[in-house]
């Protein structure tokens, strides 16, 4: 099995002070900063190693340190803390060139004040209360994109906020290095799956390119029987395989075809360094069936995917897979398919033709084969399951011509209220927040796409952090959303984006 590349990610921790208070104070500042770093590494579960970059007390040290952070291929973010008062004009040269995401940590060394012994020496040392306000002013004055987290680093809420931000920083870092391969083009005449790939590379860093489907077929045809046999064994170990697909049964060759396609896809993507891909049922070349089972399994391994050439959703899925790494729950390609509009019990039934990731499955998936009325190929093999219930988000990425927009909705995945014996695909049923009408009306008003990424691992906070880091608009629909206010916010956002981009 092909594994996706992994990297050692780091956060650079910079502490601001000045020489006014003497070398003893700077030494104590350095010691306290090290304690903060040690606590974050030991307790916060960040997914990245926090590296202490020392105490910065002059403009040149700040500039050179932040330049080095930008140049370090493992650095995903900078965490800044003003332990004492650090005159903020010293930070201008460094901040104006900073491209790495910035977290402003507003904290202090100790939780409690020593009320009985506090003196001016203590006050001079522990000045974050106004040192961080000075730093906050200069970042606001310069328009520096940053996230502010306030509180002591022993507080679980603070640790969680830093961890959520770090996940987004890691995802943004990997997004800037992502390569996507499209096998064929978009589904003909579809608007929302189109998009500006040049702008995507300028905004996100992602590179999207196309290969002919038969370039993939050539690799599929070279897959050895022994590799197919090994995958057949994995299928039997991991899933319930329908009797007609088992070795010696009537439809077993179809399962072997699916395994050969999966192996070929894995070789093609690994050899090209691709982290995401798309297919299109209108352009299958010499493939014997529309890729289903292999695509589902590769999503479970962390690859981004979307159908019908929708490279934007494939990019979002891969990015969310990185952001969700190690968290409970799953993340999948999804599509709003149909509704139950029973008053007071409205739900969305989401699915796709074949390609829903088993990471969201409620129980052991079943490998089945059924006809597919499109694609003009043999019956495709797929995993069939229901999604596990729980809170989730669905997020889509729309290209509005002048900018990109994330559209998201907080939802609650539920167990299907009735069996689905004649729907042989993987599926999810959910209730959107705040309610069906508000959610769908706002989604359509925002131009949200029909292809999305559903995640029971991530929250709206993760999505918001990623949107902030990439500079992309986020229209999030949740329990607090009102339709009229949402519409006004879209218009305000449009005006802001146009002003910010210049006339």
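Throughout, read-outs are computed from the coordinates displayed, never taken from laboratory work. Computed from a predicted structure; not experimentally measured. Using ideal geometry, Cβ is built from the backbone for each residue, glycine included, and neighbour counts are taken over all protein chains shown.
Let's test the formula: R0 of 41 Å, r as the Cβ-Cβ distance of residue 459 and residue 341. What FRET efficiency results, to the nearest 0.05? Write out the running numbers ahead of the final one.
Values: r = 28 Å, r/R0 = 0.68.
Between residue 459 and residue 341 the formula returns 0.90.
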Notebook entry, point to check: Quick one: which of 466-477, 301-312 comes out on top by average Cβ neighbours within 10 Å, and what's the full order, highest first?
Noted result: 301-312, 466-477
Checklist line | Distance from the range 240-308 to the range 429-503 (C-alpha centre basis), Å | finding: 33
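Where does each of 385-393, 154-162 land if you order them by average Cβ count within 10 Å, highest first?
Values: 385-393: 20.7, 154-162: 16.4.
Per-residue Cβ counts within 10 Å, averaged per peptide and sorted highest first, yield 385-393, 154-162.
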Note to self: Rounded to the nearest 5, what % of DSSP beta bridges with both residues in the chain are antiparallel?
What the structure shows: 45
Next item on the list: Could you work out how far helix 225-238 tilts from the main Cα principal axis of the chain, as a 0 to 90 degree angle to the nearest 10?
Entry: 70
Next item on the list: Specify the inter-centroid distance of the range 328-393 and the range 73-102, based on alpha-carbon positions, in whole Å.
Entry: 45
Next item on the list: Enter the per residue convex hull volume of the range 253-331, computed from alpha-carbon coordinates, in Å³ rounded to the nearest integer.
Entry: 94
Check: If you project the alpha carbons of the chain onto their three principal axes, what span does each projection cover, largest first, in Å?
Finding: 85, 53, 48
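Can you pull the percent of Cα pairs in the range 39-150 with separation above 22 Å? Spell out each step's value before the answer.
Working: 2181 of 6216 pairs.
Percentage above 22 Å: 35.
Please give the contour-minus-distance gain from residue 68 to residue 185: 0.36 nm per residue of separation, less the Cα-Cα distance, rounded to one decimal in nm.
This chain segment gains 38.1 nm when fully extended.
Looking at the range 104-211 only, what percent of DSSP beta bridges run antiparallel? Nearest 5 please.
Numbers: 0 of 8 bridges.
About 0 percent, rounded to the nearest 5.
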Check: the range 125-142 to the range 57-71: how many Å between their Cα centroids?
Finding: 18
Item checked: Helix 483-501 axis, angle to the chain major axis (alpha carbon atoms, nearest 10°) -> 70
Notebook entry, point to check: By how many degrees, 0 to 90 and rounded to 10, does the Cα axis of helix 460-470 deviate from the longest principal axis of the chain?
Noted result: 70
Checklist line | Cα-projected label distance for residue 246 with residue 499, points at 7 Å along beta-carbon direction, nm | finding: 6.8
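Need one number: the % of Cα-Cα pairs in the range 83-211 sitting beyond the 23 Å mark. Walk me through the intermediate numbers first.
On the way: 4521 of 8256 pairs.
Above the 23 Å cut-off, the range 83-211 has 55 percent of its Cα pairs.
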Check: How are the Cα pair distances of the range 27-99 distributed, in percent, across 5 Å bins from 0?
Finding: 3, 15, 25, 24, 20, 12, 2
